[in-house]
1. Among the listed residues A202, A197, A206, identify the single one that is buried (at least 18 other Cβ atoms within 10 Å of the Cβ), touching a Leu at 6+ places or on another chain (Cβ under 9 Å) and either farther than 13 Å from E126 by Cα or hydroxyl-bearing (S, T, Y) (or both).
2. Of all helices (runs of 4 or more DSSP H) completely enclosed by segment 1-107, which ones contain at least 3 residues that are buried (at least 18 other Cβ atoms within 10 Å of the Cβ) and under 16 Å from the mean Cα position of the chain (by Cα)?
3. Filtering segment 102-124 down to residues that are within 21 Å of G147 (Cα to Cα) and without any contact (Cβ under 8 Å) to a residue 40 or more places away in the chain, which residue is nearest to ligand 3 (Cβ to nearest atom)?
4. Among the helices (runs of 4 or more DSSP H) contained in segment 125-209, which hold 1 or more residues that are touching a Phe, Trp or Tyr at 6+ places or on another chain (Cβ under 6 Å) and in contact (Cβ under 8 Å) with a residue 24 or more places away in the chain?
5. Among the residues of segment 171-194, which ones are surrounded by fewer than 22 Cβ atoms within 10 Å (Cβ to Cβ) and of a type in the set (G, A, S)?
6. Is at least one residue of segment 84-102 under 20 Å from S179 (Cβ atoms) and touching an Asp or Glu at 6+ places or on another chain (Cβ under 7 Å)?
7. Would you mind stating whether A161 is more than 15 Å from L199 (Cβ to Cβ), away from ligand 2 (no atom under 16 Å from the Cβ), crowded, with 21+ Cβ neighbours inside 10 Å and at pLDDT 95 or above?
8. Looking only at residues in segment 108-124 that are not basic (K, R) and not in a helix (DSSP H, G or I), which one is farthest from ligand 1 (Cβ to nearest atom)?
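The values are calculated or read from the model by the stated rules, or taken from the named source; none is laboratory data. Please read these numbers as outputs of a predicted model, since none were measured by experiment. Glycine gets a Cβ as well: all are built from the backbone with ideal geometry, and neighbour counts include every protein chain shown.
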Amino acid sequence: ATTLGADWALDWMERARAVVSANRIELIELDRAIGDGDHGENMDRGFTAVAAKLAGVTPSAPGEVLKTVATTLMSTVGGAAGPLYGTAFLRGSKAADGALDAGGVAAVLEAALEGIQARGKAEAGEKTMVDAWLPAAQAARSAAEEGSGPVEALRAAADAAAAGAEATEPMVARKGRASYLGDRSAGHRDPGAQSSALLLAAAAEAAEA
Ligand code: ADP
Ligand code: MG
Ligand code: MG
């Protein structure tokens with residue numbers, strides 16, 4: 001595809017629901033190691049609600065889909081991740097009022113990252129979802145600047161997010177509940193970075209479909 005429209009966004013969210021559901025236990029276990037163990041449940045509840053909200057809608061732009069995702073996640077996910085993801089999708093929605101080329105993909109991911117950082121004040125290396133979204137946004141921007149299309153830009157973003165999530169394993173948490181553990185948070189992957197990588201993988205798969 002030369003651009004990604006509302007159909008892509010709907011497919012992304014259907015794949016997001018499926019991948020979050022399939023990884024519910026893994027996310028619970030990651031959060032049990034350094035948090036309170038609810039991240040898988042929170043995300044599964046949220047994306048199940050998103051899928052229900054999107055069933056039967058006929059949006060004309062990806063931003064319409066992402067706005068519904070934002071409001072639904074804000075009211076259903078709870079915890080730290082609910083407002084963070086809600087803000088990410090809300091900011092992202094505003095950058096997606098038409099079909100997305102590679103620059104548009106980068107703009108959406110940059111807007112989502114800005115939302116997460118505006119809300120949570122985390123910087124790179126503090127063992128949060130920022131460590132997935134920051135390299136993802138950078139990879140999409142680089143791909144766009146090199147002349148790639150939106151599908152390639154999203155694939156680069158998803159791969160960077162996966163590497164970013166893995167890279168949280170040795171980090172010491174400085175934000176959120178995991179920071180209460182101090183040095184004992186090292187040696188475990190951050191659950192929010194992992195769920196972010198899953199969501200971006202779903203976005204890339206929807207683009208490639
Ligand atoms: P809670 O910690 O309230 O139980 P969740 O378990 O649903 O919420 O989500 C935890 C995830 O939220 C963490 O793994 C981390 O990625 C993310 N997170 C927490 N605080 C912040 C923050 N200030 N900035 C960015 N992400 C954060
Ligand atoms: Mg938790
Ligand atoms: Mg909690």
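1. Values: A202 fails: touching a Leu at 6+ places or on another chain (Cβ under 9 Å); A197 fails: touching a Leu at 6+ places or on another chain (Cβ under 9 Å).
Within the list A202, A197, A206, the selection yields A206.
2. Per the criteria, 6-22, 39-54, 62-76, 81-94.
3. In the first step, residues of segment 102-124 are kept if they are within 21 Å of G147 (Cα to Cα); the result is 102-111.
Next, only the ones that are without any contact (Cβ under 8 Å) to a residue 40 or more places away in the chain stay: 107, 110-111.
Details: A107: 31, E110: 28, A111: 26 Å.
Looking at residues that are within 21 Å of G147 (Cα to Cα) and without any contact (Cβ under 8 Å) to a residue 40 or more places away in the chain, I get A111.
4. The helices (runs of 4 or more DSSP H) meeting that bar are 191-208.
5. Of everything in segment 171-194, those that are surrounded by fewer than 22 Cβ atoms within 10 Å (Cβ to Cβ) and of a type in the set (G, A, S) turn out to be S179, G182, A186, G187.
6. Scanning segment 84-102, I find no residue that is under 20 Å from S179 (Cβ atoms) and touching an Asp or Glu at 6+ places or on another chain (Cβ under 7 Å), so the answer is no.
7. Considered against the rule, which asks whether it is more than 15 Å from L199 (Cβ to Cβ), away from ligand 2 (no atom under 16 Å from the Cβ), crowded, with 21+ Cβ neighbours inside 10 Å and at pLDDT 95 or above, A161 comes out as no.
8. A124
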